[in-house]
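Engineer: Below you will find the structure I want to go over with you.
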Amino acid sequence: MSNTQVHGGDLDIISRKYSIPKEEIVNYSGNVNPLGLPETVKAAIAENLDAICDYPDVSYLKLRQSIAAYTGAAAESILVGNGSTELISTYIKTLAPKNSIIVSPAYSEYQREIELTGGKIELFPLLEEENFVLNLERLKRKINDDTDLVVLCNPNNPTGSYVTADRLRNLLDCLKEHNAYLMVDETYIEFASEISKVSAMPLTHEYNNLFIIRGTSKFFACPGLRLGYSACTDSGLREKAADFKDPWSVNSYAELAGCVMFTDTDFIKHTRELITSERGRIKNELSKISQIKLYDTQSNFFLFKLLTDKITAGEIFEKLIAKKLLVRDCSSFPFLDGHYIRFCILMPEQNDILIKEIKNILEK
Ligand SMILES: Cc1ncc(COP(=O)(O)O)c(C=O)c1O
C-alpha cells in the first residue's frame, strides 16, 4: 500500500511500514482533538465498567435525547450509529441512489459506498482557483430530474472550506423540485468559529429532503469508541434506514459516553478556544512561506498547496515521517495532485515543531 492510499487514521499501517512504534508518531493526519478524551467520559466509563454486561437500550432513547439537547434536532429525527461511517453507509444503502453528485475532493467513503450500491456518481469539482469554496450556482446547474442525491461535507475534508446554512436553503429548494436529497456530513462542524451560521441542523426542521451525519471521533477525541449520529425528518427514509442497521451497533460504553460528553461545556469551550487560537497562529506563520498557498479553513486542519516543482507532497511526507511526524499527502484525493498536504492542529508545541520542519524542508 502506498502512503497515498492510507486513511488519516491508519496509524498502525504507517507504524509497521516505517518501523516506528505507534506511540512515537506525532499524528497530524488523523484530525483528532489533541486534548484527548474528556475526563468526564473517562470517569463515566471507569465507574460503569459493568455496563457491557447489559445490552444497550435498543431505542437509544436517553442517548438520542442527549444528542437532541446538544444539536437542537428533534430526538425522533435522530439515528445513532457505529461512528458516522456506519450512518453514511446505512443511508446510502437505504437510498441506493442511481445518480448522485459528490462535491469533491472529499472524504473517500461516500464514493466507496455509492459504488458498492452500483449507482452512478458525478464528482462535482471544488476549484482551486475558487479556493475550493463551493460554487452553488455551478452545482445547481448540474442537478436535474435524474439526480437522487447530492453529498456535501461541511466543513469539507480535506479542503477545510465551508458553506453557510442560509446558502444551503437555495440548494435544498432546487433539490426538492427534482425529488432529490442532500446529505451533509458535519463531522468537523464543532471546530467552526460560528457553528450556528455553518451548521444545517436547524434546517432539518424545515426540509425533509435533508439528512445530516455527524461523528464524535474528531471533536471528542474518541475514534475507537465508534459513536456517530444523524438527523433526518423524512420518517419514511429514516425508518427504512433504521431497519437496515444492526440493532445494537452502538455499544454500551459509547451509549454511556454520549450521555455525558455533550454536556461537558468546559471541554467543549477549551477545545474551541485552543483550535481557534492555533488556527490563527498557524495561518499567520505559514502565510510567510512563499513556496506554499494555504487555504482558509473552518476546521481543525489545514490544506496547503506547494507552489514549487522542486519537491512533491510525497517527498515532504517521507521527510517528515523520517522525523516521526505524520501528515497527509493528498494526492489520492480526486482533483488534487502531488502538490497538496493536509495536517491537523495539535498542541501549540507540536504545531511549532511541524511549522519549523516545513520551513526547513522548503528553505533548503
Ligand atoms: C468527513 C469525515 N466523515 C466521517 C469520518 C469518519 O468518522 P467516524 O469515526 O465517525 O466514522 C471521517 C474520518 O476521517 C471524516 O473525515
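Engineer: Distance from the Cα centre of region 57-76 to that of region 105-127, in angstrom?
Structural biologist: 29
Engineer: Oh, and also: Are there GluC sites (Glu not before Pro) in region 120-205 that DSSP marks as loop and that have at most 15 other Cβ atoms within 10 Å, and which are they?
Structural biologist: GLU194
Engineer: With n ≥ 4 as the cut-off for DSSP H runs, can you work out [θ] at 222 nm for the chain, using -39500 (n - 2.57) per run divided by the number of residues, rounded to the nearest 500?
Structural biologist: It lands at -11000 deg cm²/dmol.
Engineer: Further question: Of all beta bridges DSSP finds with both residues in the chain, what is the antiparallel percent, to the nearest 5?
Structural biologist: Taking every DSSP beta bridge within the chain, about 50 percent pair in antiparallel fashion.
Engineer: Here is a further query. Explain nothing, just compute: Karplus ³J(HN,Hα) = 6.51 cos²θ - 1.76 cosθ + 1.60, θ = phi - 60°, for every residue of region 10-16 in order, whole Hz, x for Gly and Pro.
Structural biologist: After applying 6.51 cos²θ - 1.76 cosθ + 1.60, I find 7, 5, 4, 5, 5, 4, 5 Hz.
Engineer: Next up: Straight distance only, please: which aspartates and glutamates reach the Cα of LYS197 with their own Cα at less than 14 Å, same-chain residues fewer than 8 apart left out?
Structural biologist: Reachable aspartates and glutamates: ASP166, GLU186.
Engineer: Something else: Could you derive backbone 3J(HN,Hα) for region 298-308 from the dihedral phi with the Karplus parameters 6.51, -1.76 and 1.60 (θ = phi - 60°), listing whole Hz in sequence and x where the residue is Gly or Pro?
Structural biologist: Karplus values, whole Hz, x for Gly and Pro: 10, 10, 9, 9, 10, 10, 10, 10, 7, 8, 10.
Engineer: Residue by residue through region 92-103, which ³J(HN,Hα) values in whole Hz follow from phi under the Karplus form 6.51 cos²θ - 1.76 cosθ + 1.60 (θ = phi - 60°), with glycine and proline marked x?
Structural biologist: Each residue's phi maps through the Karplus curve to give 5, 4, 5, 6, 6, x, 7, 9, 10, 10, 10, 5 Hz.
Engineer: Mind checking which lysines have their Cα closer than 19 Å to the Cα of LYS323? Skip sequence neighbours fewer than 8 apart in that chain.
Structural biologist: Filter leaves LYS17, LYS22, LYS356, LYS359, LYS364.
Engineer: Given H placed on each backbone N at 1.01 Å, which residues far from TYR181 in sequence or on other chains put an amide H within less than 5 Å of it?
Structural biologist: Excluding prolines and chain starts, which carry no amide H, the hits are LEU149, VAL150.
Engineer: What ranking of PHE301, PHE132, PHE124 emerges when the number of other C-beta atoms within 10 Å of each C-beta is taken as an exposure proxy, fewest first?
Structural biologist: Details: PHE301 26, PHE132 23, PHE124 20.
With the sparsest Cβ surroundings first, the list reads PHE124, PHE132, PHE301.
Engineer: Can you give the local net charge around GLU24? Use residues other than it whose beta-carbon is closer than 15 angstrom to its beta-carbon, Lys and Arg +1, Asp and Glu -1.
Structural biologist: Details: positive: ARG16, LYS17, LYS22, LYS323, LYS324; negative: ASP12, GLU23.
Net of charged neighbours comes to +3.
Read-outs throughout are calculated quantities, based only on the coordinates presented, and are distinct from any laboratory measurement. Nothing here was measured: the structure is a model prediction, and the numbers come from that model. Reconstructed Cβ throughout: ideal geometry from the backbone, glycine too, with neighbour counts over all protein chains shown.
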